[in-house]
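First up is the structure itself, then whatever we jot down about it.
Only the coordinates and a few stated rules stand behind these numbers; no lab work does. Everything numeric here is computed off the predicted structure, so don't read it as measured data. Reconstructed Cβ throughout: ideal geometry from the backbone, glycine too, with neighbour counts over all protein chains shown.
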Amino acid sequence: MPVKHAVLGMLMERPSYGYAIANRLSERLGPELAISESTVHTSLRSMKARGEVEVVGRRFRGEQTATVFAPTQKGVDLYERWLGKPLARTRMRDDLYLKFALVDPDRLPKFREEFQRLELECVEEIAAHTVGVPLTHDLSDPVSWRAARRLLLDSRALDHLNGDLAFIRRTLGVLRWADAQGGTVPRDRLLEAVS
């Protein structure tokens, strides 16, 4: 996820400080895509060094000082170029798929353990995501764009997690067969898993 673009988007709405930006992003993106406060601060420092944001004030909270940032024209231009790029689906190009393509039969037991771990992680993420902030109080008719956007993002995140879980569980079934049979899988079991 391009964090700097998310931070710039929040600053385009109104000048703010790191903690507030992280909270607004978390509220808007939901738990699956939340960006940590430390990541926001790191992004702000980098963007300040590149002249994409500037300090426009300070807020005092007790003994702490919060630095308020706003986008510069360079930051606004960067954000507008990014937002104007055509949308694209993400491709399956991460370590999981590459390692899966390269694993040999001798490593199947370890690989099966890793997939079991991934299954538990995925189930936990789905559970955490489904107990997020309820938005039903925002669902008056007509529904506000803010509520519609959040529900669509939550729906996309759950679709992605459920798709991952389905792939993991299918793969676990095949890995169990392959591990038990010395690196082979009965054709009917494989066809059942992929259909």
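Taking a straight line from the alpha carbon of Lys99, these aspartates and glutamates sit under 19 Å away, with near neighbours fewer than eight places off in the same chain left out: Glu113, Glu114, Glu119, Glu121, Asp164, Asp179. The relative contact order of the stretch 3-84, computed from alpha carbon pairs under 8 Å that lie at least 6 residues apart in sequence, is 35 percent. Each Lys or Arg adds one and each Asp or Glu takes one away; over the other residues whose Cβ falls under 10 Å from the Cβ of Arg24, this sums to 0. Sorted fewest first by neighbouring Cβ atoms within 10 angstrom, Asp95, Asp154 come out as Asp95, Asp154. Summing charges over all other residues whose Cβ lies under 12 Å from the Cβ of Gln73, with Lys and Arg as +1 and Asp and Glu as -1, gives -3. Candidate cross-link partners of Lys48 among the lysines, defined by an alpha-carbon separation under 23 Å and a same-chain spacing of 8 or more, comprise Lys4, Lys74.
About its Cα centre, the dipole of the chain is roughly 680 debye, where the only charges are +1 on Lys and Arg Cβ and -1 on Asp and Glu Cβ. Per residue, the average separation of C-alpha pairs within less than 8 Å and at least 6 apart gives the chain a relative contact order of 20 percent. Tell me which of Cys122, Met12, Ser38 sits at the most positive position along the dipole axis of the chain, charges placed on C-beta atoms (Lys, Arg +1; Asp, Glu -1). So the residue furthest toward the plus end is Met12.
Per-residue Karplus couplings for the stretch 42-56, computed as 6.51 cos²θ - 1.76 cosθ + 1.60 with θ equal to phi - 60°, are listed in order as 4, 5, 4, 4, 5, 5, 5, 4, 8, x, 8, 9, 9, 7, 10 Hz, Gly and Pro entered as x.
Put in order of Cβ neighbour count within 10 Å, fewest first, the listed residues Trp177, Trp82 become Trp82, Trp177.
Charged neighbours of Val53, selected by a Cβ distance under 10 Å, balance to +3 (K, R count +1; D, E count -1). Place a point 7 Å from the Cα of Val123 along the Cα-to-Cβ direction; which residues of the stretch 141-176 have their backbone N under 13 Å from it? Output list for this probe position: 165-166, 169. If you take the alpha carbon atoms of the stretch 3-84 and fit the smallest convex hull around them, that volume is 90 Å³ per residue.
In this rough spin-label picture, where each label sits 7 Å from Cα along the Cβ direction, the Phe60-Arg146 distance is 3.1 nm.
With R₀ fixed at 35 Å, the C-beta to C-beta distance from Leu158 to Asp95 puts the FRET efficiency at about 0.90.
According to the Cα-based calculation, Rg over Rh for the chain is 1.10, with Rh computed by the Kirkwood formula.
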